Amino acid sequence: MKKDDLVQLTIEDISSEGLGIGHVEKMAVFVKDTVIGDEIQAKIIKMKKTYAFGRLIQVLTPSPDRVKPVCPVSRQCGGCQIQAMDYQAQLKYKENKVKNNLMRIGGFSQELLGETMEPILGMEEPFHYRNKAQFPIGTDKDGRLVAGFYAGRTHSIVDYHSCALGTGVNETILELVLAHMQKHNISAYDETSGKGLVRHVMIRCGFATKQIMVCIVVNGKKLPFAEELAAELAKIPDMTSIVLNVNMEKTNVILGSEVQPLWGQDYIEDYIGNVKYRISPLSFYQVNPKQTEKLYGTALEYAALQGNETVWDLYCGIGTISLFLAQKAKKVCGVEVVPQAIEDAKKNAALNQFTNAEFYAGRAEDVLPEKYKKEGIQADVIVIDPPRKGCEQSVLDTMLQMAPERIVYVSCDSATLARDLKYLCENGYELRRWRATDMFPMTNHCECVCLLTRKA
Ligand code: SAH
């Protein structure tokens with residue numbers, strides 16, 4: 001096999017980046033836009049020593065799970081990887097992916113995983129579920145302003161405003177921003193040169209409250225005629241917060257640390273279950289509120305609180321899980337690295353009249369060991385919800401020293417989850433229950449909650 005060859009293969013699996021995987025002459029070939037079970041013809045576009053990349057030329061025999069994507073730009077856009085897969089098949093695939101990682105990386109037996117698994121929680125309506133969108137703004141080769149999403153693995157922008165995962169109001173907002181830029185000759189940011197002004201438009205909606213936030217990210221301290229744009233945007237029903245975010249770094253991190261209010265409040269509010277949350281532009285907030293309620297419901301169920309427990313919630317964001325747990329615990333302590341999120345968490349506790357929740361700003365790997373050493377903190381239950389890279393060793397070790405009855409691990413990456421569970425289970429814990437939740441339909445991401453208990 002060599003570059004430019006036309007090959008035939010059957011797709012057997014999907015990679016962690018969402019590419020279909022098949023084999024030709026025992027070599028793995030990765031092909032985008034394919035579904036497990038497809039028989040395809042592909043053109044080899046890149047050869048590596050032990051694997052290759054192909055481009056889909058045609059589907060010879062479609063997989064029984066292949067469906068027509070809803071979105072017209074689903075192939076170009078990097079946002080969705082598996083829109084061409086039937087939704088029920090997506091759920092099966094995700095559940096298997098978690099299970100395989102727990103087996104392969106975590107070393108758990110198929111039998112134990114079968115006994116402890118509860119069925120994946122999917123969505124009834126797997127579109128328009130995102131409460132947040134971040135549109136990059138740029139120019140095309142003719143110098144026209146464009147907004148949309150990055151094409152897969154690149155930073156070129158697919159000019160498309162009505163993403164099938166987002167809300168309808170996104171399109172209206174983007175069009176107003178682009179018209180404003182055109183009218184006043186305001187430039188879009190260019191990543192390669194680091195020049196130009198408008199970088200991103202971030203939009204957030206509280207699904208329960210309907211409140212809308214628009215955050216315009218600029219490579220400068222000001223947006224020309226900002227009041228005029230804000231006045232236009234403010235006419236949109238339920239508009240609550242319009243802010244400017246300053247990001248003058250040459251980085252692909254979207255938001256900078258400075259926020260200037262332009263109109264209305266500098267935050268919006270939303271509910272998950274009965275708990276009300278205040279959300280600032282810089283704070284992490286789950287993007288799929290419907291599924292979040294199910295995810296947190298599972299975490300709460302696994303925590304099995306009776307009312308007299310002390311709970312630590314690590315990587316707590318704006319205290320979302322913490323406050324869910326505070327409804328049932330004696331005391332909850334949250335730890336989070338983003339200081340603005342901790343501000344929100346404290347305000348959220350007050351907003352909901354919780355007096356049993358405390359929050360600490362700092363890295364979990366610093367705060368937890370330090371508090372354990374200096375104050376001898378204890379926990380009956382520890383809940384963790386780390387970013388994709390999972391937990392630092394010192395967090396795991398301190399948790400083992402604190403020896404809570406139960407550990408509830410909420411994870412957005414089943415590979416690091418499996419690695420961390422392996423360590424905890426080699427050191428006194430056992431896996432009792434696990435359940436995947438589909439927070440991101442049409443993408444290859446999957447969330448999972450696990451319950452570990454301390455061996456007697
Ligand atoms: N439990 C929250 C947030 C989960 S996302 C919720 O469900 O909304 C993971 C969070 O971990 C983010 O808020 C991120 O800012 C935070 N984080 C990342 N690295 C961290 C670290 N080393 N220590 C503490 N928090 C961290």
- Note on the structure: Within the under-13-Å Cβ sphere about L431, not counting L431, Lys/Arg +1 and Asp/Glu -1 give a net charge of +2
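Can you put C425, C391 in order of Cβ neighbours within 10 angstrom, beginning with the fewest?
If I rank by nearby Cβ atoms, fewest first, I get C425, C391.
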- Message: Explain nothing, just compute: Karplus ³J(HN,Hα) = 6.51 cos²θ - 1.76 cosθ + 1.60, θ = phi - 60°, for every residue of segment 31-38 in order, whole Hz, x for Gly and Pro.
- Response: 10, 5, 6, 10, 10, 4, x, 5
- Query: Sorting R130, R454 on the 10 Å Cβ count, fewest up front, what's the list?
  - Reply: R454, R130
- Could you tell me what percent of the DSSP beta bridges with both partners in the chain are antiparallel, to the nearest 5? 65 percent
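Within the set of other residues whose C-beta is less than 11 Å from the C-beta of G317, count the net charge using Lys and Arg as +1 and Asp and Glu as -1.
Combined, the nearby Lys, Arg, Asp and Glu give -4.
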- Query: Within straight cross-link reach of K422, meaning Cα distance under 18 Å, which lysines are found once same-chain residues fewer than 8 apart are removed?
  - Reply: K97, K99, K389, K455
- Query: Got a sec? How would F127, F284 order by Cβ neighbour count within 10 Å, fewest to most?
  - Reply: F127, F284
- Query: How large is the dipole of the chain about the Cα centre if only Lys and Arg carry +1 and Asp and Glu carry -1, each at its Cβ, rounded to the nearest 20 debye?
  - Reply: 640 debye
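FYI, it's all coordinate maths here, none of it is from the lab. These numbers come from a predicted model, not from an experiment. Using ideal geometry, Cβ is built from the backbone for each residue, glycine included, and neighbour counts are taken over all protein chains shown.
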